[in-house]
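One structure below.
The values are calculated or read from the model by the stated rules, or taken from the named source; none is laboratory data. Bear in mind the structure is a predicted one, so any value in this text is a computation, not a measurement. Neighbour counts are summed over all protein chains in view; Cβ atoms, including those assigned to glycine, are modelled from backbone coordinates with ideal geometry. Surface accessibility is based on the protein's heavy atoms, side chains included, excluding ligands, DNA and RNA. Shrake-Rupley method; radii C 1.70, N 1.55, O 1.52, S 1.80 Å.
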Amino acid sequence: MHRSSSALFCLFLALFTAPFLVAQSATGSIQGRVFNPATQEYVRNAELTVVGTNLTTYSADDGSFSLTRVPAGEVSLRVNYTGYASTSAQFSVGAGLTATRDFELTPSGPASSTPGVVKLEAFTVSSEREGNAKAIMEQRAAINVKSVVSADNFGDLTGGTVGEFIKYLPGVVMDYVDSDARTARIGGLDPRYASVSVDGMTMASAPSASFGADSRQFEFEQASIIGTDAIEINKTTTASMDADSPAGRINMRSRSAFDRKRREITANVSLTGNEYSWGYQRTPGPYNTNDYKVRPSFIFTYADAFKQRLGIALTLGANTVATEQAGVTHTFSYADAARGPVINQIAFRDAPKLTTRGSMTLTTDYKFSPFLSVSLRTAGSHFNDGTNLRQIAFFVNPAQVTPTSTLTDLTALATTNANTRVQYTTSRRNKLNSTLTLTPRIDYKRGDLNVTLGAGYSRSRTAYEQMTEGYFQAVTHQLTRIGYHATRSSATDGDWNLTQLTGLPWDKVANYNRTDAFTNNVSATPQAARNQLWTGNLDAKKDVTLFGLSLQLGTGAKSKLAVYDVEKNGALQWTYVGAANSMISPSTILPTTNLLPYDARTGGNIGTIGIPLTDPYATRDLFISNPAYFNPNLTANRINELYSARSVKEQIDSGYFEANTRWKTLRLNLGVRHERTRTVGRTQDILPAAVVTRAGYTAGTIPFVDYQYRYGRRESSYGGYGNTFFSGGAKWSLTENFVLQVAGNQSISRPGYNNLTGTITVDEAAQTVRVPNPELKPETSDKFFVGLQYYLEPAGTLSLSAFRLNVENMGSGTQTITAAEAGYADDPEFTGYRFLRPTNAPGTRRIDGVELEYSQQLVFLPRYLSGFSVFGSVTRTSSDSRVANHVPKSANGGIRYGKSKFNAQLRATWSAPRFNSSNATEELWQYERLLFDFSGGYRINATYEITVSGRNILNGPIATYSNTPGLLRAINHYGASWTVGARARF
């Protein structure tokens, strides 16, 4: 990293110091605001240039601008905004004085008759075109590499999630967990290499209530699009940004009341349904009652700026979406190379669910004076995702698969044990998430001095609940010693037809759990984790003149404390033995249900062969009334109930300095940032079983476990490191609309919490002790970017870019250390043991990428075709070594039409096949995936509009294959979801 650091710094330093050769003169200032009456919004990022000088600025969020050090005398101020004809206004600027002039964007016509206001001529544009214009001007104003999409661009989105929105940004691929867009890959990289913020404040996330390798990634299910004005992806960062995002930084920018001149109120009500469950009557499922599958939702917004001093922007929203999740998974044995793959399991799943989201954003701004303002952004959301997964699985040992069987025609022979069996398991659970983010801020702006004092608090808690909601998570029964025959259309289909050949009939519940007893067939897995972030920052910017050249200097300091607590984790297990105290007793029968028909959406006959379905609700009720019918897994339950907690604190203190300047059409940025990271982990330090036994405790008892886990005492472990990051960039406008951009930055990816702290585990058979490593260092990266952008009027772009990312110590491995290094130097009980801990992977990996992006408003077409517009991007990335789940190719795009009162758009995303994982005999790959979405509307009048949107309208599945695309591993269907609504705007 150090050689790259030096090269990066020297490159931008050379660019930065080249232009400083101009003389100084007497100066004044120009200030004002830019406003668009058509949208009733103040315009952000309008470009204002004093003609004949290097003085250029961009209007702020509230449309205001200020140009200092303007040469005294007559000057011409030119204003540019994409989609609008540029215009110039003449000023007489007095030395030491300030001239004020406001600008308005208007559809067409002569100059304004209002004194002090200049109107820009413009094309008549749609709201979608306005959204494109905002995004383009944001990108043009940024010195770093940034992709921006206005929240207006894609119309209403079914479900209203951020993940369904950002999947259309260039270079972004969403990772889906069943039907949910959960995490984002930028440039094909793992989600943990991207960070997510709201108005620059990092959002807390407690991903899946876990303490695993993904504990630093952000899950988008908890985030709603409501209240968001635009989403930006910073593909390179500047010194003022946190240096924790090698792939990129996703920032959601909130709406503000000061964006507009007058009060605005909107209300949107809609209904959402899935193609598998249309109908307005109650029908069975998805849980233990009849319920509605077409569900209502609403969004309400209110914004007003009282005398342009107090601004309030409020957004409230809620929705419920019913979704189907169904399919089949195969597993294969490759043990006999001569025979080839043999199917040893066929597992069907039917997992309907209801997902409910509620969210609120409130942005309050107050201007004490033209120079001093305060703001508070409050955002809260609640997410409840309830899944009723029902799995029917057919097992067979490869030795019992007949020699004549094929991958499409399988005969499984019976055995005198459980090897050949059918098994049903329910997996009922609710994922609950509550997130709150508070961001107060004070801004002082006077002339060319800008000072910001900010703070933030973000809390996210994720929990999985079962028992408290009235059910067990998993209830399993099985029928063993059977034979069966299964056929399907081809090796890439899941339409199995199954016939029982031998054994007790599989459609009789009394035959299950009769012959071969097994343990822990009833379980609940309550999990909960909480992530909290506290931040404080002070930033300042000031314009200075050096050798006659205007230079903006910025500096700041920030402190961030992150606390991640896993409150509970792990399964609580019981064996159902009934009143007879025996699982295999004829009277020991688990409760079943036939309320909700079984349908794996694969074809075939799995839904009609009569496999009994266990009931997690009735089983839980039976547990409450007759707990003696259930034998607990005493020691495992004790550990998971009392000793599964984990926690880590991470303090990051940082400071930066950066400078920006412009010379003619060349803009330059150079910065340096330092971050110091300190961690404190709370670790479970368990005793060896031999020590506990010698202390007089009996293995398999609760006192044994309590003593072994030291009654919950957790030791603190400490670590820390410091990193310095250089960043810089240059933007050269070769012509007014043709830009060359180069940029570079350094960043880190901090280690997963699971490697920093957790449980010390002892394997007495292997005589090993595994300890966490609080001193584990982050992965460090250098990113280089070059791109060409051509801006098409009105509001379009054509760009080609390439990047290289070098990541040092990517991934982790295992290191053997001494007893002293592990903290056991004086412990004779561990003499002869081998001590292991996580370590950084050696070497540097290189990821290269190329992106092509195009968007254009086709206004040059004949009248009725001029409402068409197109957009799209293609991304290609490659790594110098294979990386699991890396996405090598992706694309997205769409076509829109808007004319008069009607608008519609069809969008698509595509990702190439990707490698998932491998073992000694098998590689798992995900097939390419193509998804289509739709949105449209009809405006009845200026107030009312009818809207429609569809997600995954062609029901594109998620499918994987084993070794070759001709061998289906798994396929799951989710159905198309459609939303029909009405919107009113006042």
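Using the average count of surrounding beta-carbon atoms within 10 Å as a protection proxy, the listed peptides 596-602, 471-477 rank, highest first, as 471-477, 596-602.
Taking the protein heavy atoms of the chain in the context of the full set of protein chains, the accessible area attributed to carbon and sulfur is 56 percent at 1.4 Å. Put simply, the chain fits an ellipsoid with semi-axes of 55, 34, 26 Å; these come from the alpha carbon gyration tensor as the roots of five times its eigenvalues, largest first. Between Asp827 and Ala636, residue separation times 0.36 nm minus the direct Cα-Cα distance comes to 66.1 nm. Under Stokes-Einstein, with the Kirkwood radius over Cα pairs as Rh, the value for region 230-373 at 20 °C and 1.002 mPa s is 103 µm²/s.
Label-to-label distance for Ile624 and Glu923 is 5.2 nm, based on points extended 7 Å past Cα in the beta-carbon direction.
A straight Cα-to-Cα reach below 17 Å connects Lys901 with the aspartates and glutamates Glu128, Glu130, Asp152, Asp156, Glu945, residues fewer than 8 places away in its own chain not being considered. Here the Karplus curve 6.51 cos²θ - 1.76 cosθ + 1.60, taken at θ = phi - 60°, turns the phi angles of region 933-944 into couplings of 10, 9, 8, x, x, 9, 8, 5, 7, 5, 9, 10 Hz, with x standing for Gly and Pro. For region 367-465, chymotrypsin sites (Phe, Trp or Tyr not before Pro) meeting the loop criterion (DSSP other than H, G, I, E, B) and having at most 11 other Cβ atoms within 10 Å: Phe368. Computed from the C-beta positions of Thr724 and Leu561, the FRET efficiency with R₀ = 25 Å rounds to 0.70. Sequence-ordered 3J(HN,Hα) estimates for region 965-974 from the Karplus curve with 6.51, -1.76 and 1.60 and θ = phi - 60° stand at x, x, 10, 5, 8, 7, 8, 9, 10, 10 Hz, glycine and proline given as x. Can you give the FRET efficiency to the nearest 0.05 for Glu275 and Thr378, using r as the Cβ-Cβ distance and R₀ = 56 Å? It comes out at approximately 0.90.
So which lysines pass the test for Lys307, namely a Cα distance under 27 Å, with those fewer than 8 places away in the same chain ruled out? By straight Cα distance, Lys307 reaches Lys119, Lys134, Lys261, Lys367, Lys445. At a probe radius of 1.4 angstrom, the accessible area of region 137-276 per residue rounds to 21 square angstrom. The convex hull built on the alpha-carbon positions of region 553-680 has an orientation-averaged projected area of 18.0 nm².
The amide H of Ala151, built 1.01 Å from its N in the peptide plane, has Ala230, Ile231 as neighbours under 5 Å, considering only residues 5 or more places off or on other chains. Residues Arg33, Arg929, sorted by accessible area with the largest first, give Arg33, Arg929 [1.4 Å probe; ligands and nucleic acids excluded]. With q set to 0.15 Å⁻¹, the log10 of I(q)/I(0) for region 881-986, from the Debye formula over equal scatterers at the Cα positions, is -0.74. Segment Ala72..His674, full-extension length gain: 212.7 nm, with 0.36 nm per residue of separation and the alpha-carbon distance subtracted. Taking amide H atoms as placed 1.01 Å from N in the peptide plane, the amide H of Arg69 lies under 5 Å from those of Gly28, each 5 or more residues away in sequence or on another chain.
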